[in-house]
Amino acid sequence: METKQCQKCKQSLPLTEFHKDKTNKDNLNRWCIACKRVSRFKNCQIPEVYLKRRWDGFGKVNKHRKTQRAKKDITYKELLELFNNFCNENIKQGKHRYSCRYTEDVMTFFQGKGQVGSNLSIDRIDNNKTYTKNNITFCTQNFNHKKGQLTVDTMMKVLKVFKEEGII
């Protein structure tokens, strides 16, 4: 059985323990799968790294649904500026720096653990519009998933019912 030494943990492991990487001569990643996972998880606890990974996935075809994701009319640099302003505004309002815009739950930045409902999500305020400076906010994945494909009109109808019933 052929082996390769991981450049991170220095263990000689079977080739099946390495992801493919066409940029290397042997077409395998320099680090074993286990070391990559640890590194990926550790780095994704840094909000800016997590945000960048989320952003890089936007606009690509969704493999599961075979559909094009929403278009983005904003750069990563602009998104990062919006995120920093969002965090600073939360602090000014006496909230946790990473509070969800809608629920005020604290957002997390875990990756490699499947779907984590408390993780940050980049939300289009109006789902009928693209990702733009004026149509983005930050919330938990749980809330964004629940909000789903609701339109502003649908939400207004729900609020109207709540008002009629004296709930708000």
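Points worth noting:
- Of all residues making up the range 108-125, the number that are among the charged types (D, E, K, R) and either surrounded by 14 or more Cβ atoms within 10 Å (Cβ to Cβ) or touching a Leu at 6+ places or on another chain (Cβ under 7 Å) (or both): 2
- Answer residue from the range 24-37, given it is at pLDDT below 85 and surrounded by 15 or more Cβ atoms within 10 Å (Cβ to Cβ) and is farthest from the chain's Cα centre (by Cα) among those: Cys35
- Any chance Thr151 is over 20 Å from Trp55 (Cβ atoms) and either in contact with an Asp or Glu (Cβ under 9 Å, 6 or more places away or on another chain) or among the aromatic types (Phe, Trp, Tyr) (or both): yes
- Candidate set from the range 129-146 (those that are over 16 Å from the mean Cα position of the chain (by Cα) and among the charged types (D, E, K, R)); member that is surrounded by the fewest Cβ atoms within 10 Å (Cβ to Cβ): Lys133
- When residues of the range 49-70 are limited to those that are of a type outside the set (A, V, I, L, M) and surrounded by 12 or more Cβ atoms within 10 Å (Cβ to Cβ), the one modelled with the highest pLDDT: Lys52
- A single entry from Thr137, Thr108 fulfils the requirement of being within 27 Å of Arg37 (Cβ to Cβ) and among the hydroxyl-bearing types (Ser, Thr, Tyr): Thr108.
- Extreme residue, surrounded by the most Cβ atoms within 10 Å (Cβ to Cβ), among residues of the range 76-107 that are in contact (Cβ under 8 Å) with a residue 24 or more places away in the chain and of a type in the set (Ser, Thr, Tyr): Tyr98
The values are calculated or read from the model by the stated rules, or taken from the named source; none is laboratory data. Since we're looking at a predicted model, the values are computed, not measured. Methodologically, a virtual Cβ is constructed for each residue, glycine included, from the backbone with ideal geometry; neighbour enumeration extends over all protein chains shown.
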